[in-house]
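**Q** Sharing a structure here in structure tokens format.
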């Protein structure tokens with residue numbers, strides 16, 4: 001048992017091994033080390049990282065979708081591809097459901113997810129209760145499995161492998177921005193601690 005910081009006594013479970021621990025926790029958060037596996041468990045500080053990474057991903061999301069992620073040169077003819085152009089191409093070819101699926105899972109749902117993570121994380125970091133934060137925290141878990149920026153990024157890499165023997169293929173600015181978005185999104189998920197949010201939320 002670790003009583004590291006003053007405040008109310010709460011129970012928390014180690015994310016790595018599941019050991020149930022108690023700590024004295026207040027609005028400033030807490031940090032403790034699991035005696036079984038030495039995993040570091042953070043309180044509010046982890047939510048601060050989640051806030052920073054999610055906001056960074058939000059800022060980069062739109063430029064990542066507007067700048068070309070691929071440039072294909074065939075003789076003297078150069079083709080570029082952005083996400084919105086890819087969706088428009090699928091729709092024009094009659095693959096409207098596929099185009100909508102790409103738009104939703106690679107842009108709209110990840111953007112909404114990042115906004116919600118930023119919103120909920122801000123409450124945990126600031127200690128101020130925000131409207132509808134509890135309902136939005138539940139909704140985050142519903143969106144978690146539907147954002148697929150990483151899948152879209154892998155699809156780009158597969159396309160490069162298939163096209164490299166037929167044309168000169170270059171990564172555009174959008175690819176690097178999209179890679180950064182994917183990194184920030186994964187990092188925000190790793191640092192997002194719903195228990196820290198609910199502890200803060202329940203105090204109000």
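The values are calculated or read from the model by the stated rules, or taken from the named source; none is laboratory data. Since the structure is predicted, the reported quantities are computational estimates derived from the model, not experimental observations. Cβ: placed from backbone, ideal geometry, glycine included. Neighbour counts: every protein chain shown.
**Q** Looking only at the range 33-61, how many residues end up being modelled with pLDDT under 70 and either surrounded by 20 or more Cβ atoms within 10 Å (Cβ to Cβ) or not in a strand (DSSP E or B) (or both)?
**A** So the count comes out to 4.
**Q** Restricting to the range 146-163, count the residues that are touching a helix residue (DSSP H, G or I) at 6+ places or on another chain (Cβ under 7 Å) and in contact (Cβ under 8 Å) with a residue 40 or more places away in the chain.
**A** Matching residues across the range 146-163 total 6.
**Q** Return the residues of the range 74-106 that are outside any strand (DSSP E or B) and touching a residue at least 60 places away in the same chain (Cβ under 8 Å); say none if nothing qualifies.
**A** Step one: of the range 74-106, the residues outside any strand (DSSP E or B) are 75-76, 82-106.
Passing the criteria: 82, 83.
**Q** Related question: Identify all residues within the range 159-204 that are over 22 Å from the mean Cα position of the chain (by Cα), in a helix (DSSP H, G or I) and under 19 Å from residue 84 (Cα atoms); write none if there are none.
**A** 159, 160
Residues checked against (1) out of contact with any helix residue (DSSP H, G or I) (no Cβ under 6 Å at 6 or more places or on another chain); (2) at negative phi; (3) free of Cβ contacts under 8 Å to residues at least 60 places away in the same chain:
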position: 165; (1), (2), (3): yes, yes, yes
position: 168; (1), (2), (3): yes, yes, no
position: 172; (1), (2), (3): yes, yes, no
position: 175; (1), (2), (3): yes, yes, no
position: 178; (1), (2), (3): no, yes, no
position: 182; (1), (2), (3): no, yes, yes
position: 187; (1), (2), (3): no, yes, no
position: 193; (1), (2), (3): no, yes, no
position: 197; (1), (2), (3): no, yes, no
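**Q** While we're here: Could you please let me know if residue 160 is modelled with pLDDT of 85 or more and either under 24 Å from residue 148 (Cβ atoms) or buried (at least 17 other Cβ atoms within 10 Å of the Cβ) (or both)?
**A** In short, no.
**Q** Further question: Residue 69 - would you say it is crowded, with 20+ Cβ neighbours inside 10 Å, in contact with a helix residue (DSSP H, G or I) (Cβ under 9 Å, 6 or more places away or on another chain) and modelled with pLDDT under 60?
**A** No, not satisfied.
**Q** I'm trying to understand the selection: among the residues of the range 107-147, which are outside any helix (DSSP H, G or I) and either outside the structural domain of residue 87 (by TED's automatic domain parsing) or buried (at least 19 other Cβ atoms within 10 Å of the Cβ) (or both)? Break it down stepwise before answering.
**A** Residues of the range 107-147 that are outside any helix (DSSP H, G or I), as a first pass: 127-132, 147.
Within the range 107-147, 147 is the sole residue that qualifies.
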